[in-house]
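Visitor: Pasting in a structure now, in structure tokens, and then I'll have a few things to ask.
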Ligand SMILES: NC(=O)c1ccc[n+]([C@@H]2O[C@H](COP(=O)([O-])OP(=O)(O)OC[C@H]3O[C@@H](n4cnc5c(N)ncnc54)[C@H](O)[C@@H]3O)[C@@H](O)[C@H]2O)c1
């Protein structure tokens, strides 16, 4: 398994032979896989997932699919009531008094609440195989709209950074707890992995947005964190990946496999008012929530994908390539920085 993980990261042996750059210095290889026909691994029976922001939207859809596949889930959300209700629904559906879901009320921006959530999860289910750092919000305006004619009459205002607090800091808290949990548990006898961290970013992790600078900054932060952490954990039986949706909607399969909205004006995401999605629907710009969940599923089970940013927009699915512009020229310096920083931090990682 370690060998195959290495292959994903470092490229094939033949490339290594031909390369004049030492293997450690070579860029990550993102292979040209056809993503819409990529194999769809499932979770192993009884695997445990911890999902933030799971009371609604994509977190809820992920939890439903995980339970359908025989998994156990922790529904973590700032909305404690919604989380408890959803966990109860999942347990009722499972029947026979079985507990397939527990809920925790945790604000991802508060470390202590997240820590308590992880403790509750491991106390109940003993280990955590997947952590979905998913909770996020839409743009909160960080500055007032530009108005040069009144600017000098207004005081300087401290920016509202709550979008980055939740979407970046909150997800990094979740990631830190996930990675320390995985470090403490042995690789699974089923999958061979200690654990898998899957973060929710967005296509705005690589596309700039003039209306959403805080959202774009936080999502880009998640993407480069994923790519960096994936390098560090590649030989430690841990994978780190991100799903990057565009704008999605909830839907159910209709006739002939065509997905139709649950109800004409109902969109089961609370991230923005329903009205925001109407023009997207009119212009056929929404992605199906089931297609979104499919992309996250590509990281599950025995999948060796690592460091991947899997994007979904409308019906398009692709692995967004890392920005390697001028990387070859900068690789020796970039790599030496890692070596020297590790020395400074007392980390034995080469
Ligand atoms: N909706 C979209 O079109 C879309 C597109 C791309 C990416 N995303 C991303 O997907 C993720 C989930 O979004 P969604 O559309 O499912 O949103 P949603 O609003 O439907 O669900 C998000 C859930 O997160 C919870 N939450 C919010 N802040 C929290 C916090 N601080 N701590 C814990 N829980 C918190 C909410 O209570 C809610 O239950 C986000 O990271 C979002 O940026 C969404």
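Visitor: Within the range 100-122, can you find the residues that are assigned to a helix (DSSP H, G or I), closer than 25 Å to residue 192 by Cβ and away from the ligand (no atom under 16 Å from the Cβ)?
Guide: To start, the set of residues in the range 100-122 that are assigned to a helix (DSSP H, G or I) comprises 111-122.
Going one step further and asking which of them are closer than 25 Å to residue 192 by Cβ, we end up with 118, 121-122.
Correct list: 122 only.
Visitor: All but one of (1) part of a loop (DSSP other than H, G, I, E, B); (2) at pLDDT 95 or above hold for residue 81, so report the exception by its number.
Guide: Every condition holds for residue 81 apart from (1).
Visitor: Can we say residue 97 is more than 16 Å from the ligand (Cβ to nearest atom) and within 20 Å of residue 197 (Cβ to Cβ)?
Guide: no
Visitor: Quick one: would you say residue 169 is modelled with pLDDT of 95 or more and more than 10 Å from the ligand (Cβ to nearest atom)?
Guide: It is false that residue 169 is modelled with pLDDT of 95 or more and more than 10 Å from the ligand (Cβ to nearest atom).
Visitor: How many residues does the range 123-135 contain that are in contact with a helix residue (DSSP H, G or I) (Cβ under 7 Å, 6 or more places away or on another chain) and away from the ligand (no atom under 12 Å from the Cβ)?
Guide: 2
Visitor: Pairs only if they're at least six apart or on different chains, beta carbon under 6 angstrom, first in the range 132-143 and under 25 Å from residue 48 (Cα atoms), second away from the ligand (no atom under 11 Å from the Cβ); list them, first residue then second.
Guide: Matching pairs, first to second residue: 132/198; 133/175.
Visitor: Can you find, within the range 306-350, the residue that is surrounded by the most Cβ atoms within 10 Å (Cβ to Cβ) among those that are in contact (Cβ under 8 Å) with a residue 24 or more places away in the chain and under 20 Å from residue 235 (Cβ atoms)?
Guide: Step by step, filter the range 306-350, then rank; the result is 308.
Visitor: Can you find a residue in the range 49-72 that is in contact with a strand residue (DSSP E or B) (Cβ under 9 Å, 6 or more places away or on another chain), outside any helix (DSSP H, G or I), surrounded by fewer than 17 Cβ atoms within 10 Å (Cβ to Cβ) and at pLDDT 90 or above?
Guide: no
Visitor: Any idea which residue in the range 196-215 is farthest from the ligand (Cβ to nearest atom), counting only those that are touching a strand residue (DSSP E or B) at 6+ places or on another chain (Cβ under 6 Å) and over 14 Å from residue 138 (Cα atoms)?
Guide: Filtering first and then ranking leaves 196.
Visitor: Hey, any hits in the range 288-296 for a residue that's surrounded by fewer than 14 Cβ atoms within 10 Å (Cβ to Cβ) and either more than 18 Å from residue 62 (Cα to Cα) or touching a residue at least 12 places away in the same chain (Cβ under 8 Å) (or both)?
Guide: From the range 288-296, those surrounded by fewer than 14 Cβ atoms within 10 Å (Cβ to Cβ) are none; that's our starting set.
No, that holds for no residue.
Visitor: Report the residue count in the range 295-319 for those that are assigned to a loop (DSSP other than H, G, I, E, B) and out of contact with any strand residue (DSSP E or B) (no Cβ under 8 Å at 6 or more places or on another chain).
Guide: The initial filter retains those residues of the range 295-319 that are assigned to a loop (DSSP other than H, G, I, E, B), namely 298-308, 314-315.
Pick out the ones that are also out of contact with any strand residue (DSSP E or B) (no Cβ under 8 Å at 6 or more places or on another chain) and you get 301-302.
Residues meeting the conditions: 2.
The values are calculated or read from the model by the stated rules, or taken from the named source; none is laboratory data. What you see is a predicted model; the values in this text were computed from it and never measured. In this analysis, Cβ positions are derived from the backbone assuming ideal geometry, glycine residues included, and neighbour counts consider all displayed protein chains.
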